[in-house]
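The next block holds one structure in the form of structure tokens; read it before the comments.
Only the coordinates and a few stated rules stand behind these numbers; no lab work does. All figures in this text were calculated on a predicted structure; none of them were measured in a lab. Using ideal geometry, Cβ is built from the backbone for each residue, glycine included, and neighbour counts are taken over all protein chains shown.
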Amino acid sequence: MKISKTIQEALNRQINLEQASAHAYLAMAAWFEQRALSGFGRWMRLQSEEETGHAMKFLEYLLDRDGTVQLLAIPEPVGSFDSPLGAFKASQEQERSVTASIYELYDLAHGEKDYATVSMLKWFVDEQVEEEKSVADMVDRLKLAGDRPDALILLDSMAAKRQEET
Ligand code: FEO
């Protein structure tokens with residue numbers, strides 16, 4: 001079944017959204033690393049790599065369906081934050097908007113009876129649960145840490161232990 005123009009355009013927009021996320025996480029990583037919080041920096045760098053991986057998954061799927069990939073301009077990311085908590089809250093907003101976009105894509109694919117796209121999107125629906133949870137955990141911990149530098153340094157050490165996804 002040939003992929004529809006509507007789904008193709010939506011997938012191209014999703015590729016762009018994932019690339020924009022990767023860019024935003026890299027800007028967050030740089031912000032943390034400039035402040036000697038290299039654990040959070042590592043966490044953000046790994047997240048940026050994951051987002052690039054998501055963009056590639058969509059791109060490869062589109063090619064597998066004989067669709068046309070159209071890469072769009074990536075907006076300049078926000079590069080400064082009022083606090084570590086502010087940076088993670090920004091990432092939480094970003095993840096929620098990615099989830100909303102994936103749900104819209106899911107509705108669209110379902111409406112068009114494009115079940116191959118529905119099936120591919122299931123992985124992303126599950127992945128977003130994981131992504132939102134890991135960011136929410138960090139937001140909650142940073143709230144608990146409050147203004148205590150010792151707690152912040154401990155959280156930074158924990159963030160440094162994040163493993164690469166295999
Ligand atoms: Fe690819 Fe974090 O959404």
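Computed values, structure above
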read-out	value
Among 29-38, 50-59, the order from most to least packed when residues are scored by Cβ within 10 Å on average	50-59, 29-38
Over the chain: helical MRE at 222 nm, DSSP H runs n ≥ 4 each giving -39500 (n - 2.57), nearest 500	-27500 deg cm²/dmol
Projected-area mean, the chain, by convex hull of Cα positions, square nanometres	9.5
For segment 127-164 and segment 74-89, distance of Cα centres in Å	15
Spatially proximal lysines relative to K57 (Cα-Cα < 23 Å; intrachain offsets below 8 disregarded)	K2, K5, K113, K122, K133
Nearest-0.05 FRET efficiency for K113 and E164, computed from C-beta distance (R0 41 Å)	0.65
Spin-label model distance (nm) - E93 vs S4, 7 Å beyond Cα toward Cβ	3.2
Cα-based equivalent ellipsoid of segment 82-166: semi-axis lengths in Å, sorted from largest, via gyration tensor	34, 14, 7
Kirkwood Rh, angstrom, segment 1-77 [1 / mean 1/r, Cα pairs]	13.3
Debye, to nearest 20: dipole size of segment 5-160, +1 on Lys, Arg Cβ, -1 on Asp, Glu Cβ	200
Positive minus negative residues near S83 (Lys, Arg vs Asp, Glu; Cβ under 12 Å)	+1
Inter-label distance, nm, simple model (7 Å from Cα along the C-beta direction), D82/T68	4.6
